[in-house]
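Got a structure for you, written out below as structure tokens; questions coming shortly.
Nothing in this text is a laboratory measurement; each read-out follows from the coordinates by a stated rule. Please read these numbers as outputs of a predicted model, since none were measured by experiment. We place every Cβ from the backbone using ideal geometry, glycine too, and count neighbours over all the protein chains shown.
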Amino acid sequence: MPASRTETHRIRSLRPPKPAVDPWRPIDQMLEIERQPVGTPAQVLTVFLAGSECPFTCVFCDLWRFTLDQPTPPGAIPAQIEHAIASVQGELTATTHIKLYNASNFFDPRAVPPQDDTEISKQLDRFAQVVVECHPRLVGQRCLDFADRIGGKLQVAMGLETIHPDAQPKLGKQATLDDFDAAATRLGRHGISWRAFVLVGAPFVPSHEAVYWAVRSVEYAFDRGAEHVTLIPVRGGNGEMERLAQQGLFNRPTLAQLEEALERSRDLGSGVVTVDTWDLEVLFDCLSCGPQRIRRLEHFNTSGTLTPRPVCTACVR
Ligand code: SF4
Ligand SMILES: [Zn+2]
């Protein structure tokens, strides 16, 4: 159930304009190396798909920028996948994984028309693992059928965001922790692995507790069987977050908080912890050590080795 129409309209009305999006081309694609819970790191083709906007309109969401206002046209998602695969054709191996991130929910029929599932699953046959993102309440029969159709293993990425008891219901996610647990259990029963996104600096969480609740949330995900948890610093910029900031209900997390959240959560479970390093420049306030600190996090993401924090005389760290 999305947020009420009034609330959705209010949040969307605060946003800056968004760019035009071509539904027949992916927003972007990249080849990267990702650590796995066991075994050697995998090559992963990540495809950022263009598609219809997610209906949930969470207060912190920054994924709406590159989405369509209309339903995704049938045939568009297969066309985008074909384009992305063709662009890296010579570089793929027999063990490459693929991530299809559509800034929404892969099993929402408005975002990915169900009539495209057969074609998409054929395109994905060559990949050892397929990762798609989905809201916990949309993990249903279509997801289970999709897992059976593809040649490789399916993994579902779900936003846990935070387990802070007061903040969690205010995020507009429209999913309780029970919903999250039910989706995790359902996936587990069908042999489908899953990963979680956890926010650092979630709105409504007091700033001095941001690290504590991020770490607790990572622990919560691992206790329920997550294979991978990604820490995402909340960035703001959608209008609603600036409104909440004015009311003292959101403080943009610092790079130091993100570093501490990672340092305290990386050994909590047998799964992988990584940091979303996209646009991290907005978080650092020291030009002397900021770039080096970001490189440290990027190095951890690929290697699993966390070097000591750099000492900086400019900001007396
Ligand atoms: S469910 Fe995910 S994609 Fe949808 S509005 Fe919330 S954060 Fe954004
Ligand atoms: Zn510094």
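Would a scan of the range 47-56 turn up a residue that is away from ligand 1 (no atom under 14 Å from the Cβ), of a type outside the set (Gly, Ala, Ser), touching a residue at least 12 places away in the same chain (Cβ under 8 Å) and under 28 Å from Val200 (Cα atoms)?
Yes, the range 47-56 has at least one match.
So for the range 237-251 (the condition being within 16 Å of ligand 1 (Cβ to nearest atom) and closer than 30 Å to Leu31 by Cβ), does at least one residue qualify?
Yes.
Name the residues in the range 276-317 that are away from ligand 2 (no atom under 13 Å from the Cβ), touching a residue at least 12 places away in the same chain (Cβ under 8 Å), assigned to a loop (DSSP other than H, G, I, E, B) and within 18 Å of Gln257 (Cβ to Cβ), would you?
Within the range 276-317, Asp276, Thr277, Asp279, Leu306 meet the criteria.
If you don't mind, there's one more thing I want to ask. Can you tell me which residue among Ala42, Ala50, Ala20 is surrounded by 15 or more Cβ atoms within 10 Å (Cβ to Cβ) and closer than 19 Å to Asn102 by Cβ? Steps first, answer last, please.
Values: Ala42 fails: closer than 19 Å to Asn102 by Cβ; Ala20 fails: surrounded by 15 or more Cβ atoms within 10 Å (Cβ to Cβ).
After ruling out the rest, the residue left standing is Ala50.
Next question. Within the range 251-275, track down each residue that is crowded, with 18+ Cβ neighbours inside 10 Å, part of a helix (DSSP H, G or I) and more than 16 Å from ligand 2 (Cβ to nearest atom).
Passing the criteria: Ala261, Leu262, Ser265.
Of the residues that sit in the range 117-134 and are part of a loop (DSSP other than H, G, I, E, B) and under 17 Å from Glu227 (Cα atoms), which one is nearest to the chain's Cα centre (by Cα)?
Ranking the qualifying residues of the range 117-134, first place goes to Cys134.
The conditions are (1) without any contact (Cβ under 8 Å) to a residue 40 or more places away in the chain; (2) of a type outside the set (A, V, I, L, M); (3) over 24 Å from Val38 (Cβ atoms), and Phe180 fails exactly one of them. Which is it?
Failed condition: (1).
Can you go through Leu187, Leu177, Leu154, Leu171 and tell me which one is under 19 Å from the mean Cα position of the chain (by Cα), surrounded by fewer than 19 Cβ atoms within 10 Å (Cβ to Cβ) and more than 16 Å from ligand 2 (Cβ to nearest atom)? Can you show your working first?
On the way: Leu187 fails: surrounded by fewer than 19 Cβ atoms within 10 Å (Cβ to Cβ); Leu154 fails: surrounded by fewer than 19 Cβ atoms within 10 Å (Cβ to Cβ); Leu171 fails: surrounded by fewer than 19 Cβ atoms within 10 Å (Cβ to Cβ).
Going through Leu187, Leu177, Leu154, Leu171 in turn, the sole match is Leu177.
Give me the residue from the range 41-71 that is in contact with a Gly (Cβ under 8 Å, 6 or more places away or on another chain) and of a type in the set (A, V, I, L, M) and, out of that set, farthest from ligand 2 (Cβ to nearest atom).
Leu68
Quick one: which residue in Leu280, Leu249 is at negative phi and under 19 Å from the mean Cα position of the chain (by Cα)?
From the options Leu280, Leu249, the qualifying one is Leu280.
Something else about it: Hey, any hits in the range 22-44 for a residue that's touching a helix residue (DSSP H, G or I) at 6+ places or on another chain (Cβ under 7 Å) and closer than 30 Å to Phe250 by Cβ?
Scanning the range 22-44 turns up at least one residue that is touching a helix residue (DSSP H, G or I) at 6+ places or on another chain (Cβ under 7 Å) and closer than 30 Å to Phe250 by Cβ.
Same structure, new question: Which condition breaks for Tyr101 when tested against (1) touching a strand residue (DSSP E or B) at 6+ places or on another chain (Cβ under 6 Å); (2) farther than 25 Å from Lys173 by Cα?
(2)
Which condition from (1) more than 16 Å from ligand 1 (Cβ to nearest atom); (2) touching a helix residue (DSSP H, G or I) at 6+ places or on another chain (Cβ under 8 Å); (3) over 20 Å from Gly51 (Cα atoms) is the one that Gly152 breaks?
(2)
Within the range 53-105, work out how many residues are crowded, with 22+ Cβ neighbours inside 10 Å and among the aromatic types (Phe, Trp, Tyr).
Going through the range 53-105 one residue at a time, the tally reaches 2.
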